[in-house]
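In what follows, a structure is listed as structure tokens, so that the remarks can point back to it.
The values are calculated or read from the model by the stated rules, or taken from the named source; none is laboratory data. None of the values given here were measured: they were computed from a predicted structure. Virtual Cβ from ideal backbone geometry, glycine too; neighbours counted across all protein chains shown.
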Amino acid sequence: MCNKIGFASKKEANTTKNFIRRTSSRAVLPERTYFCRECGKWVLTSKKIFNKNEHIRQKLSGNQRKNRRGRFKGDD
Ligand SMILES: [Zn+2]
């Protein structure tokens, strides 16, 4: 399990990614989406290069995103 926002479809993940990139003033913005096999969902990442440990490392900074989970729900 990871603490990232999970989406049922790549389309939904991309829609949210684009929404955040358009509207967020955060310094770090999501760069892309990928399918997390552990979660079984599509998630957003600010990392450009896929790394098999990405999932674990991002867990360290995942709390902020976890709190935003509900905010983008249904934004498609
Ligand atoms: Zn995951």
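When region 30-50 is limited to residues that are more than 13 Å from the ligand (Cβ to nearest atom), within 12 Å of Lys4 (Cβ to Cβ) and not polar (S, T, N, Q), the one that is nearest to the chain's Cα centre (by Cα) turns out to be Pro30. For region 7-64, filtering for residues that are modelled with pLDDT of 95 or more, part of a strand (DSSP E or B) and among the hydroxyl-bearing types (Ser, Thr, Tyr) leaves 0. Close contacts from region 33-49, counting a first residue that is closer than 11 Å to Ser9 by Cα and a second that is modelled with pLDDT under 90 and assigned to a loop (DSSP other than H, G, I, E, B), with Cβ to Cβ under 6 Å and a gap of 6+ residues or different chains, come to Val43/Lys4.
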